[in-house]
1. Kindly provide the helix-only [θ] at 222 nm of the chain, computed as the sum of -39,500 (n - 2.57) over DSSP H runs of four or more divided by all residues, to the nearest 500 deg cm²/dmol?
2. Return the whole-Å distance between the Cα centroid of segment 30-49 and the Cα centroid of segment 1-15.
3. Within the chain, which is the longest segment containing none of the chymotrypsin sites (Phe, Trp or Tyr not before Pro) that sit in a DSSP loop and have at most 16 other Cβ atoms within 10 Å?
4. Report, in listed order, any pair from Lys3/Lys134; Lys134/Lys235; Lys45/Lys242 with a Cα-Cα distance greater than 27 Å.
5. Where in segment 41-146 are there trypsin sites (Lys or Arg not before Pro) that are in a DSSP coil and have at most 12 other Cβ atoms within 10 angstrom of their Cβ?
6. Between the helical axis of 120-130 and the dominant principal axis of the chain, each derived from Cα atoms, what acute angle in degrees is found, rounded to the nearest 10?
Amino acid sequence: MIKLENMTMVFNPGTVNENTAIRNLSLTVNKGDFITVIGSNGAGKTTLLNLISGSVFPTEGKIRIQDKDVSRTPEYQRASFIGRIFQDPTMGTAGKLSLEDNMNICYKKGFKGLKISLNAKRRKIFQQALEPLKMGLESRLKDNVGLLSGGQRQALTLLMTVLSRPELLLLDEHTAALDPRNAEIVLELTRQFITEYQLTAMMITHNMKHAIEMGNRLLMMDGGEIIFDVRGEEKQNLTVEKLVKKFHELRSKEFATDEDLLAR
């Protein structure tokens with residue numbers, strides 16, 4: 001479904017601030033994959049999602065989605081088939097518009113105008129869609145989204161995104177800014193919606209327990225590279241302790257290789 005071929009991303013090339021955020025990375029994401037992505041700060045996780053979404057273009061390499069080269073396709077065009085949710089709960093909704101107007105924009109994604117057939121039938125559809133959130137939002141369609149809590153707003157963003165049926169859902173630490181209770185609610189909704197709507201998804205998280213428990217595949221990144229790619233029974237048998245040990249083992253091998261090269 002999605003292929004990244006020999007991707008490299010260099011910021012500020014040729015300057016003292018040059019930074020290679022992604023190094024010759026290749027990855028195939030299959031339809032129906034739910035991939036969790038872990039790694040320390042600066043590992044390249046968000047840059048990877050930025051490349052896939054089109055907010056930055058690669059220095060080298062190609063991105064193919066459904067066999068189409070989208071390496072230079074801008075973000076606003078990819079947004080028609082890629083949904084993305086950020087850490088900040090305010091980024092996915094328009095705070096000055098009502099909840100029903102926000103949902104109507106999502107419902108008619110790409111259509112110009114806000115009041116497209118916003119009638120009793122459509123409001124009923126919105127209410128039914130909101131009920132699974134169990135946050136009482138189905139009775140607040142007229143309220144401005146800016147009045148909602150961070151957890152409510154992020155849950156709404158998640159619902160709106162999955163209702164647009166994206167070919168790929170990108171989750172960039174989408175629960176990190178929420179309190180523990182709301183984070184768990186949004187995380188469980190994420191699991192539920194991805195299964196129900198049979199979505200293909202990639203989720204960045206710093207919580208290794210969540211990375212192990214959720215999804216069918218786990219990627220570990222370091223230094224702009226994928227150093228561990230695990231799925232199936234091997235992933236199911238992972239523990240946080242095993243994952244931490246694996247990270248240190250792989251980093252040790254990397255440093256040993258670098259030392260060997262320098263000694264030659």
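Nothing in this text is a laboratory measurement; each read-out follows from the coordinates by a stated rule. As the structure is a computational prediction, the values presented were derived from the model and not from experiment. Quick reminder, even Gly has a Cβ in these numbers, built from the backbone with ideal geometry, and neighbours come from all protein chains shown.
1. Values: 9 runs with 99 residues, N = 264.
Helix-only estimate at 222 nm: -11500 deg cm²/dmol.
2. Taking the Cα centre of each part, segment 30-49 and segment 1-15 sit 15 Å apart.
3. Details: sites that count: Phe81, Phe111, Tyr197.
Result for the longest clean stretch: 112-196.
4. Those over the limit are Lys3/Lys134; Lys134/Lys235.
5. The qualifying sites are Arg72, Lys96, Lys112, Lys115, Lys134, Lys142.
6. 40
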